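Reading through the structure tokens given below for one structure.
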Amino acid sequence: MGHGALFVLFDKYSRRARLRPVLIMLLPLALPLAAGIPVLPRTQWLWSLVLLSGLPLFADQLGRSRGKRIEQFLFRAWGGKPSVQVLRWRGPTGRQQLGFLHARIQEITGPSLRLPTEQEETADPQRADQIYDAAGLALRVRARGLPGAELVHEQNCEYGFRRNALGLRPYALSVAVAGLLAVSAWMFTAPGFLGRPALPLLIALVVTESLLVAFQALLVRARWVESAAWAYAERLLETSALPGPEVLPAGPASGAT
């Protein structure tokens, strides 16, 4: 039972959007451990124990839960889901493009989900947003396995990764700072103390730990997540122009954006 088991236990989205932010969070501690203990005894046995213990499953759920916890706050701060905003008559989409999108989505969803007119949206914007959210769900269902819609899944993975990384940021930044302090303190110890590596490797560790601190402190921000959410929304709406199954049933709205 080796590293390939992760590809069996988890799909592409889980590996990229849920496990990756947790692994990045733990990386500042894993690097000095790997440098101080270059050859772990019974590595295969230890890896099997990790898999059997359920730690990867816990990491998967941890990444998702922390991201989902902040998602509604992000949507409110942005003025709504990007995939909803681009369908609003009062939104950022140009009138001609918006008319085309509404017409195509109406063809896809059929009479079961009638998109609001501009006057109806103005009269009841909350209900209009609920309809746009349901339309987004219909597009997501239609895009699964639709030829030419592969970028939707790619952007969804990227959005999920960034959202979950932001959710984990308070812990990840603390771990990164702790890792940097640990390898910096190593610089002032005698060679071999607590497995201290050679100076060139130690310097590389300090640089890497500093970059990880900078990544968490400077890059992992709400705006970084928002840019991925907008990219996902744009790719999702582009699928309305692709030929495929029409008249899809629309259900309760859910999903990333």
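The values are calculated or read from the model by the stated rules, or taken from the named source; none is laboratory data. Remember, it's a predicted structure, so these values are computed and weren't measured experimentally. When we count neighbours, we look across all protein chains shown, and the Cβ atoms used for this are built from the backbone with ideal geometry, even at glycine. Ligands, DNA and RNA are stripped out before the accessible areas are found, and what is left, the full protein with its side chains, is counted by its heavy atoms. Shrake-Rupley method; radii C 1.70, N 1.55, O 1.52, S 1.80 Å.
Laid out as a table, the results:
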item	result
Counted residues, segment 77-92 - those being open to solvent by 20 Å² or more (accessible area, probe 1.4 Å), farther than 16 Å from Gly160 by Cα and either small (Gly, Ala, Ser) or within 18 Å of the chain's Cα centre (by Cα) (or both)	4
Failed item, numbered, when Phe215 is tested on (1) at pLDDT 95 or above; (2) open to solvent by less than 30 Å² (accessible area, probe 1.4 Å)	(2)
Given (1) at pLDDT below 95; (2) in contact with a Lys or Arg (Cβ under 6 Å, 6 or more places away or on another chain), number of the condition Ala228 does not satisfy	(1)
Criterion violated by Ala138 - all others in (1) open to solvent by 10 Å² or more (accessible area, probe 1.4 Å); (2) over 24 Å from Ser227 (Cβ atoms) satisfied	(1)
Residue within segment 100-109 that is modelled with pLDDT of 95 or more, hydroxyl-bearing (Ser, Thr, Tyr) and open to solvent by less than 30 Å² (accessible area, probe 1.4 Å) present	no
In segment 179-204, the residues that are part of a loop (DSSP other than H, G, I, E, B), open to solvent by less than 50 Å² (accessible area, probe 1.4 Å) and touching a helix residue (DSSP H, G or I) at 6+ places or on another chain (Cβ under 8 Å)	Arg196, Pro197
Given (1) open to solvent by 60 Å² or more (accessible area, probe 1.4 Å); (2) in contact (Cβ under 8 Å) with a residue 60 or more places away in the chain, index of the condition Val207 fails	(2)
Those residues of segment 128-184 which are in contact with a Ser or Thr (Cβ under 8 Å, 6 or more places away or on another chain) and either on the phi > 0 side of the Ramachandran plot or polar (S, T, N, Q) (or both), in sequence order	Gly148
